[in-house]
Amino acid sequence: MKGNKEKISVLHIIGALDVGGAEKNLVGLATSLSSLGFDVTIATVSRRGTLADELESHGIEVRNIGFRMRYFVPGLLRLISLLREKNIDVIHTHLYQAGILGRIAGTMAQVPVVVTTEHTLTPWKKRRHILLEKMLIPFTDRYHATCTAVVENRIRVEGLPEKKLLVIPNGVDTTIFQPKPMPTALKESLGVDTTKAFGTVARLVPAKGMEFFLRASQKVMKEYPGSRALIVGDGPLMEKLTNYAAELGISDKVRFFGERNEVPELVRMMDIFVLSSLREGLPLSLLEASACGKPIVATRVGGNEDIVIDGVTGFLVQKEDSDSLAEKILVLLRDDSLAREMGRQARKRIERGFSFEAVAGKTAQSYRELLAQKKQGS
C-alpha cells in the first residue's frame, strides 16, 4: 500500500454500469470487496449507467470520466488525476475500452498494481485490437480470466503469458438466487400450469443455439407430453424462433417470456435448466440456475465445463446435438430423485466457488499477492 494507509484502495473501471453480465458481476464483486475492508471506487468511462445507484447505496463512490475517443488525451488525464487523488493501490479494468484506457492511465500514474479481467471470448477482435493488447502485456501485472476456456483463448489468440493468467470466475448473489418453492399463484399468473417444465434464460442470438433447444423440446414433448418449455430472454431471433416453434408443432407448449425482471422466480419454475450454446465464456445464467438448485443440461463448450460437473450437478452434451439434449432432459424428467440430488450438488458447488463472497476472497488474495511482490521488488 502507498504510504501508511490502513486500507488497500482499489479502483475498478468499466465502460458504463448498464445491466449486463460483466456489469452485474462488478457490482457484486465491488460490494463484497468493500465488506472485506477494501476502499473501493468505481470509474465509468462514458456514462454512469443504471447500476450506479445500487453501488452508491452500498457506500461505494462512482465517478464518471466522460471519456470520448476523439478527446482521448483529456479523458486520459482526468482518469490519471482520479487515480492520484484517490491514492490508488490497485487499478482493475473490465472489458476492452476500459481495459485499454485504464492500463495506460494506471501505468502513467504509477499505480503499484494493474489488473484486468478477461470476461469472455472475443471473436470480434481484429488484428489491431490484438496488437494493442500485446503492447500492454508488460504493463499488466495479472489477467483474471473468468474460465479455463478464456485462458486458453487468450494464450492462443493474443499470446498472453500463462504465468500472468489466473482463473477467477464471475460470481452470483446466492441470497437472491436460491432454492425456494414456487408459489402456485405466481405460477398460474405467468400461465405455466404444468407440473414439469424445462427451460432456459438466454439472449436470442445465434451463439445460443436456440434452434437445437427447440428441436430437443419437440423430441421431449413427444416422449413426455405433459412437459412444457420456458424461454426467458429477447433478441434479434425472437420472431424466427417463434415461427420455428410453430413449424415444429410445439408452439402451444413453448412459452416465450421475453426480457423479464423476475428471473429468479422464472428459473424456480423450471424443473431442469438447459443451455444449448454453441460457444460461451462463463454464462451467468448457468451460475444463477445452479444457485437456485436446478439440475443442468448444457453443451460442452467454454465455461459451461467449469460450472457443470457431468453426472454430478447435471449433464454435458456435445453442441449442435438436439438428440442428446433431449435424452438428458428426459432422464431428469423421469427421475425426480436424481434431479433433486443433482440440484442439491449444483447449489453446493456455487456456494463453495462461485458466490460473490468466494470470488471476492480469491480476488483479494490476488491483490495482496501482487502488492507483496511489488513491495519486495522495490
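Some notes on this structure:
- When the chymotrypsin sites (Phe, Trp or Tyr not before Pro) in segment 284-378 are filtered for DSSP coil states and for at most 12 other beta-carbon atoms within 10 Å of their beta-carbon, no site remains.
- Summing charges over all other residues whose Cβ lies under 13 Å from the Cβ of residue 258, with Lys and Arg as +1 and Asp and Glu as -1, gives -1.
- Here the chain is treated with +1 on each Lys and Arg Cβ and -1 on each Asp and Glu Cβ, and its dipole about the Cα centre works out to around 1200 debye.
- Comparing 75, 157, 14 along the charge dipole axis of the chain, the residue lying farthest to the positive side is 75, per the Cβ-charge model.
- Positive-end residue, segment 80-205 charge dipole about Cα centroid, Cβ charges, pick of 100, 135, 112: 135
- Lysines with Cα under 16 Å of residue 126, excluding same-chain neighbours fewer than 8 positions away: 134
- Neighbourhood charge, 13 Å Cβ-Cβ cut-off, centred on residue 202 and excluding it, Lys, Arg +1 and Asp, Glu -1: -1
- Where the Cα pairs of the chain fall when distances are cut into 20 Å bins, in %: 28, 52, 19, 1
- Sorted by Cβ density within 10 Å, fewest first, the residues 319, 362, 163: 163, 362, 319
- Listed by Cβ neighbour count within 10 Å, with the fewest neighbours leading, 140, 50, 93, 175 appear as 175, 50, 140, 93.
- Over the residues of the chain, the helix contribution to mean residue ellipticity at 222 nm works out to -13000 deg cm²/dmol, using -39500 (n - 2.57) for each DSSP H run of at least 4.
- Degrees between helix 210-223 axis and first principal axis of the chain (Cα, 0 to 90, nearest 10): 30
- In this label model, residue 87 and residue 128 are separated by 4.1 nm, measuring between points 7 Å along each Cα→Cβ vector.
- Radius 14 Å from Cβ of residue 292, net charge of other residues (Lys, Arg +1; Asp, Glu -1): +2
- Fewest-first ordering of 196, 180 by other beta carbons within 10 Å of each residue's beta carbon gives 180, 196.
- The charge dipole of segment 101-180, taken about the Cα centre with unit charges on the Cβ atoms of Lys, Arg (+1) and Asp, Glu (-1), comes to about 300 debye, rounded to the nearest 20.
- Candidates 123, 295, 179, ranked by Gaussian network fluctuation over the chain, Cα under 10 Å, top entry: 123
- Percentage relative contact order, the chain, counting C-alpha pairs under 8 Å, at least six apart: 15
- Dipole size of segment 315-378 about its Cα centre, with +1 on Lys/Arg Cβ and -1 on Asp/Glu Cβ: approximately 600 debye, rounded to the nearest 20.
- Checked against a 31 Å cut-off, the cross-linked pairs 24/222; 219/362; 208/294; 163/294 give Cα-Cα distances beyond that limit for 24/222; 219/362; 163/294.
- Of 337, 32, 324, the one that fluctuates the most in a GNM where the chain has Cα springs shorter than 10 Å: 337
Read-outs: derived from the displayed coordinates by stated rules, not from any lab. Just so we're clear, the structure is a prediction, and the values are computed from it rather than from any experiment. Cβ atoms come from the backbone with ideal geometry, glycine included; neighbour counts cover every protein chain shown.
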